[in-house]
């Protein structure tokens, strides 16, 4: 079976986790605990498959999942172009407000080529947006002029 973690054998020790043990015995929390224990031992770890790359990408320097750091709002200046409103599986969840919006949006029929300019389409969107009342990724206000982040 392929090995997921292999400690540097020049130190005389070897730690291995097989795919079977990973599937049946370890959850993501168990993997984090193991990684923390290996890091605490200050021994170099090399990986033989891409699972280590996945775990490294999904965790910041403190060992906490990077999913927790998604509380930061997206760069609204980059959200423009062809937009499709959906009810499930959106790229962004958006709340429409009257005051203090993160992004002022102008609906255009052609050339949605700047921040805040949205062309509403039914297929082949650049972004899929779901309108919500609670827990939005960012807020928008529909305007007739001067679109963009605020």
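Here, each number is a calculation from the coordinates, and none is a lab measurement. Since the model is a prediction, treat every value here as computed from it, not as a measurement. A quick note on method: Cβ atoms are made from the backbone with ideal geometry, for glycine too, and the neighbour counts reach across all protein chains shown.
List 94, 143 from most exposed to least, where exposure is judged by having the fewest other Cβ atoms within 10 Å.
By the 10 Å Cβ count, ascending, the order reads 143, 94.
Using a/c under 1.5 as the rounded threshold, could you call the stretch 73-149 rounded, prolate or oblate? The axes a ≥ b ≥ c are square roots of the C-alpha gyration tensor eigenvalues, and prolate needs a/b larger than b/c, oblate otherwise.
Cα axes put the stretch 73-149 in the oblate bin.
Using 0.36 nm times the number of residues separating residue 134 and residue 96, minus their current alpha carbon distance, what extension gain do you get? Could you put the intermediate results ahead of the total?
Numbers: separation 38, 0.36 × 38 = 13.68 nm, distance 1.04 nm.
Gain on stretching residue 134 to residue 96: 12.6 nm.
Tell me, what is the FRET efficiency for residue 107 and residue 72 to the nearest 0.05, using R0 = 22 angstrom and their Cβ-Cβ distance as r?
E between residue 107 and residue 72, to the nearest 0.05, is 0.25.
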